[in-house]
Amino acid sequence: MRDSEKEGAQLPAPGQPEHAGRRQFMLRGTAAAGVLALDGLRGAAAADTAGKAGAAAWTHEQGRPIVSPPYGMPSSYESDVVRRATDLTPTPLSSWSFTPLQDLHGIITPNGLFFERHHAGVPAIDPEQHRLVVHGMVDRPLVLTMDDIMRLPSVSRIHFLECSGNTLTEWKGPKEKTVQGTHGLLSCAEWTGVPLSVIAEQVGLKAGVRWMLAEGADAAVMDRSIPIAKVLDDALLVYAQNGERLRPEQGYPLRLLLPGYEGNMNIKWLRRLKFSEQPFYTREETSKYSDLMPDGKARLFTFDMEAKSVITSPSGGMRLGQPGYREISGLAWSGRGRIRRVDVSVDGGKSWQEARLQAPVLSKCLTRFRMMWNWQGGPAILQSRCIDETGYVQPTLAELVAVRGLNSVYHLNAIQSWGVAQNGEVSNVHA
């Protein structure tokens with residue numbers, strides 16, 4: 001919802017000096033430093049004892065040699081940081097796996113932890129044999145090899161990718177226990193490829209072109225209609241992710257990237273682009289991936305992923321230790337541009353405090369936010385609420401349901417609540 005009145009109420013009071021935010025951050029930093037100093041005093045004796053005891057066992061052993069294994073792997077102590085499959089689908093061939101958001105830092109998702117969504121399994125494609133066909137209402141139809149594409153001018157950009165079914169379990173009540181389960185169909189990467197506008201220029205679009213069909217080479221032959229304005233704006237033909245070639249589950253050797261659009265439209269294993277005057281009304285944008293409203297009618301072509309945020313630490317499944325200062329951290333994103341502000345509440349939305357946005361703050365990209373919190377050891381309800389550069393304010397679940405009803409599956413971007421019990425256990429709640 002776009003609500004200038006609400007937005008104004010959330011912004012700093014008129015006349016507040018520009019350096020106020022920096023002063024608040026310095027005060028928070030001072031509080032944090034005090035906590036560290038206290039902990040340091042408490043731990044001084046222990047540190048002295050440990051130092052006198054001598055080095056740990058691994059200090060007396062030779063480490064593993066270089067290039068063993070030849071592809072770097074995480075520490076064995078991080079073996080629980082993995083994608084997790086869903087139990088909501090009858091077959092793993094048309095299913096998904098979730099990114100462990102609670103275990104990640106910064107904004108970049110490692111390739112091995114990037115969420116998956118497939119409709120007919122992962123095809124094994126030989127890049128030497130793969131072809132991209134470009135045809136329809138064009139002057140010069142083309143059949144491109146991967147070598148043809150990779151010889152063109154390329155760019156690298158950081159963008160999030162989110163399945164429009166992310167959070168779908170949470171419409172009617174809290175179901176999933178962790179942020180991986182509620183929000184894990186979300187990841188962010190540096191993508192490298194060729195602007196689709198370059199291909200459009202090479203083939204020459206005929207007058208009247210308004211849409212493009214993108215089709216994949218998987219057994220589902222996944223296809224979606226793309227507005228030509230998006231094609232010529234920031235769409236990419238991607239062949240690399242986070243510095244290496246795409247993983248098979250991410251569309252190797254070629255995928256479409258439409259920054260800010262729902263994940264299903266970012267066609268993987270891309271094999272065909274067809275230009276037309278009209279949308280193609282494929283199964284995936286009529287029967288599926290459309291929003292059913294309370295009157296039984298469906299919204300058509302709801303492509304943009306609206307502004308959304310979630311606290312990832314502390315979050316469901318965690319347990320806080322002793323009371324005192326700790327950092328609240330999370331992610332915010334918008335398919336319509338940059339995140340302008342994130343507010344955090346520890347009392348279920350009764351009061352809000354502005355969080356610090358960690359640089360870089362990029363368009364259609366995950367933004368990390370942080371805020372120090374002095375937990376007193378009692379019950380609390382943690383929430384985050386973001387505002388993007390268009391002025392859109394992330395809604396509550398009640399506000400969203402009032403408009404959309406409870407027949408929807410996709411595009412749930414409501415405020416998420418985490419309940420903290422007196423014993424420190426954190427759980428998924430509706431507030």
Q.
Residues that are under 17 Å from His411 (Cβ atoms), over 24 Å from the mean Cα position of the chain (by Cα) and of a type in the set (D, E, K, R): does the range 297-304 have at least one?
A. yes
Q.
List pairs: first residue in the range 69-88 and open to solvent by less than 70 Å² (accessible area, probe 1.4 Å), second residue assigned to a loop (DSSP other than H, G, I, E, B) and hydroxyl-bearing (Ser, Thr, Tyr) anywhere in the structure, Cβ distance under 8 angstrom, at least six positions apart or on different chains.
A. Arg83/Thr99
Q. Taking the range 301-359, which residues are open to solvent by 10 Å² or more (accessible area, probe 1.4 Å), aromatic (Phe, Trp, Tyr) and under 26 Å from Ile108 (Cα atoms)?
A. Phe303
(Q) Going residue by residue through the range 387-408, is there one that turns out to be more than 24 Å from Tyr289 (Cα to Cα) and open to solvent by 30 Å² or more (accessible area, probe 1.4 Å)? (A) yes
Q. Of all residues in the range 130-173, how many are under 25 Å from Gly335 (Cα atoms), buried (at least 19 other Cβ atoms within 10 Å of the Cβ) and not charged (D, E, K, R)?
A. 8
Q.
acidic (Asp, Glu), in contact (Cβ under 8 Å) with a residue 60 or more places away in the chain and open to solvent by less than 10 Å² (accessible area, probe 1.4 Å): is that true of Glu190 in this structure?
A. no
Q. Which residue pairs have Cβ atoms closer than 7 Å, lie 6 or more positions apart in sequence or on different chains, and pair a first residue in the range 256-279 that is in contact (Cβ under 8 Å) with a residue 60 or more places away in the chain and under 24 Å from Thr145 (Cβ atoms) with a second residue that is in a loop (DSSP other than H, G, I, E, B) and open to solvent by 20 Å² or more (accessible area, probe 1.4 Å)?
A. Trp269/Pro123; Trp269/Ile125; Trp269/Ala217; Arg271/Ala217; Phe275/Met137
Q: May I ask you to say which residue of Leu246, Leu196 is crowded, with 21+ Cβ neighbours inside 10 Å and in contact (Cβ under 8 Å) with a residue 24 or more places away in the chain?
A: Leu196
**Q.** Some residue of the range 69-83 being at pLDDT below 55 and either at negative phi or touching a His at 6+ places or on another chain (Cβ under 8 Å) (or both)
**A.** no
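The values are calculated or read from the model by the stated rules, or taken from the named source; none is laboratory data. Every value quoted in this text rests on a predicted model; they were computed, and no experiment measured them. Because the Cβ atoms are built from the backbone with ideal geometry, glycine has one as well, and the counts that use them run over all protein chains shown. The accessibility values were calculated without ligands, DNA or RNA, using every heavy atom of the protein model including side chains. Shrake-Rupley method; radii C 1.70, N 1.55, O 1.52, S 1.80 Å.
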